Amino acid sequence: MANSAGSEALTGKRDFDKAQRMIAEAGYKGEKIVVLDAVDTPTAHSHGLVVFELLKKLGLNVELASSDWGSLVIRRASKKPVEEGGWSIFGTSWTGVETLDPSADLPLAANGAAAWFGWPDDEKLEALRTEWLKTADSEARQEIAVKIQARAFETLPYIPAGQYSPVTAYRKNLKGVIIAPALFMWNVEKT
């Protein structure tokens with residue numbers, strides 16, 4: 001279901017002056033933005049640092065809340081305002097198989113309190129996802145997927161920050177290694 005609808009925002013020229021003007025026009029008044037940062041998880045830590053620096057560069061009142069991943073996960077469940085220990089942004093990653101289509105893409109869900117962390121709520125996006133699920137024709141599903149992605153770039157239930165392919169090497173004397181989208185450490189034997 002991959003397509004490029006709306007992705008120009010990720011690939012276009014960066015204009016920080018324009019971004020700062022748009023932030024002011026949107027009514028930002030210096031409210032604190034808390035970026036959760038899991039220092040013991042390299043990918044999430046990288047996300048936290050990059051987002052923190054980007055928001056500072058945009059002139060926003062941003063705080064980096066560094067902790068271990070377990071503490072981040074606990075805080076991430078809080079729906080409290082930032083002033084009461086809540087949060088604004090956190091980074092994470094998904095395997096490709098988890099985002100293959102709109103039904104499996106968990107952070108794409110925009111069904112409010114039942115949605116993933118951040119709890120986005122957008123009836124139009126949810127209606128498109130439901131339409132995609134009820135449609136059997138592959139070409140029609142692709143057309144709906146384009147609309148879903150365009151809407152997601154309008155409402156931003158999450159921001160896709162990139163793609164990477166991890167590289168893993170195994171010694172020749174290991175057997176039973178399960179090649180999968182995640183690293184499984186069971187079933188492995190050393191010979």
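The values are calculated or read from the model by the stated rules, or taken from the named source; none is laboratory data. Just so it is clear, the structure is predicted and the values come from calculations on it, not from any experiment. Don't worry about glycine lacking a Cβ; one is built from the backbone with ideal geometry, like all the others, and counts go over all protein chains shown.
For the subset of the stretch 12-60 comprising residues that are in a loop (DSSP other than H, G, I, E, B) and among the basic types (Lys, Arg), which member is surrounded by the most Cβ atoms within 10 Å (Cβ to Cβ)? I'd like the intermediate steps shown before the answer.
Start the filter on the stretch 12-60 by keeping residues that are in a loop (DSSP other than H, G, I, E, B), which leaves 12-15, 26-32, 39-41, 58-60.
With among the basic types (Lys, Arg) added as a condition, the list becomes 13-14, 29, 32.
Numbers: Lys13: 6, Arg14: 8, Lys29: 6, Lys32: 12.
Going through the qualifying residues, I end up with Lys32.
Scan (1) in contact with a helix residue (DSSP H, G or I) (Cβ under 9 Å, 6 or more places away or on another chain); (2) closer than 25 Å to Leu128 by Cα; (3) touching a residue at least 60 places away in the same chain (Cβ under 8 Å); (4) not polar (S, T, N, Q) for the single condition Leu100 breaks and write down its number.
Tallying (1) in contact with a helix residue (DSSP H, G or I) (Cβ under 9 Å, 6 or more places away or on another chain); (2) closer than 25 Å to Leu128 by Cα; (3) touching a residue at least 60 places away in the same chain (Cβ under 8 Å); (4) not polar (S, T, N, Q), Leu100 fails exactly one: (1).
Hey, among Val73, Val82, which residue is β-branched (Val, Ile, Thr) and touching a strand residue (DSSP E or B) at 6+ places or on another chain (Cβ under 8 Å)?
Numbers: Val73 fails: touching a strand residue (DSSP E or B) at 6+ places or on another chain (Cβ under 8 Å).
Just a single option satisfies the conditions, and that option is Val82.
Please work out if Phe117 is touching a helix residue (DSSP H, G or I) at 6+ places or on another chain (Cβ under 9 Å) and either acidic (Asp, Glu) or part of a loop (DSSP other than H, G, I, E, B) (or both). Let's see the steps before the verdict.
On the way: touching a helix residue (DSSP H, G or I) at 6+ places or on another chain (Cβ under 9 Å): yes; either acidic (Asp, Glu) or part of a loop (DSSP other than H, G, I, E, B) (or both): yes.
So Phe117 passes the test.
Within the stretch 150-168, does at least one residue satisfy the condition of being modelled with pLDDT of 95 or more, over 17 Å from the mean Cα position of the chain (by Cα) and within 25 Å of Glu8 (Cα to Cα)?
Checked the stretch 150-168: no residue is modelled with pLDDT of 95 or more, over 17 Å from the mean Cα position of the chain (by Cα) and within 25 Å of Glu8 (Cα to Cα).
Mind listing just one residue for me: the one in the stretch 107-139 that is loosely packed, with under 13 Cβ neighbours inside 10 Å, of a type in the set (A, V, I, L, M) and within 20 Å of the chain's Cα centre (by Cα) and, of those, nearest to Leu55 (Cα to Cα)?
Here the residue is Ala113.
State whether the residues of the stretch 65-86 include one that is surrounded by fewer than 17 Cβ atoms within 10 Å (Cβ to Cβ), out of contact with any Gly (no Cβ under 7 Å at 6 or more places or on another chain), among the hydrophobic types (A, V, I, L, M, F, W, C) and within 28 Å of Lys29 (Cα to Cα).
Looking through the stretch 65-86, at least one residue is surrounded by fewer than 17 Cβ atoms within 10 Å (Cβ to Cβ), out of contact with any Gly (no Cβ under 7 Å at 6 or more places or on another chain), among the hydrophobic types (A, V, I, L, M, F, W, C) and within 28 Å of Lys29 (Cα to Cα).
Being surrounded by 10 or more Cβ atoms within 10 Å (Cβ to Cβ) and at pLDDT below 85 is the filter here, so list the residues in the stretch 169-181 that pass it.
If we filter the stretch 169-181 for residues that are surrounded by 10 or more Cβ atoms within 10 Å (Cβ to Cβ), which is where we start, we get 170, 174-178, 181.
Listed by number, the list holds a single entry, Pro181.
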